[in-house]
Amino acid sequence: MTDITDLSKIIANKGDNSLIVPDVNLQSQEDVELERKLRELKFKQELRKDWILFIVRDVIIFPAAILFIFAVSGYSLFIQIHG
């Protein structure tokens with residue numbers, strides 16, 4: 001059997017000849033550009049979805065609910081006054 005030593009000890013003991021792992025850019029320029037465009041499209045899609053939800057919820061549903069409550073309470077008050 002061979003002795004297994006810790007890699008950090010080997011690197012620390014190398015001194016001037018330490019192991020250097022260079023950063024290698026494996027993506028091509030086209031891949032980087034496509035990735036950036038994909039992120040932009042996802043951002044725009046999320047923004048569009050947020051605006052649609054805002055319009056539906058805050059501009060349509062809440063005022064409609066308030067008008068419904070006023071209409072029901074007004075009808076109830078009218079029935080009690082004239083009934």
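The values are calculated or read from the model by the stated rules, or taken from the named source; none is laboratory data. Remember, it's a predicted structure, so these values are computed and weren't measured experimentally. Calculation scope for accessible area: heavy atoms of the full protein, side chains included, ligands and nucleic acids excluded. Shrake-Rupley method; radii C 1.70, N 1.55, O 1.52, S 1.80 Å.
Residues checked against (1) open to solvent by less than 100 Å² (accessible area, probe 1.4 Å); (2) modelled with pLDDT under 95; (3) hydrophobic (A, V, I, L, M, F, W, C):
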site	(1), (2), (3)
GLY15	yes, yes, no
LEU19	no, yes, yes
VAL56	yes, yes, yes
SER76	yes, no, no
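Count, please, the residues in segment 28-54 that happen to be aliphatic (A, V, I, L, M) and open to solvent by 100 Å² or more (accessible area, probe 1.4 Å). Working first, answer last.
Looking only at segment 28-54, we keep the residues that are aliphatic (A, V, I, L, M), and these are 32, 34, 38, 41, 47, 52-53.
Now restrict to residues that are open to solvent by 100 Å² or more (accessible area, probe 1.4 Å): 34, 41.
The qualifying residues number 2.
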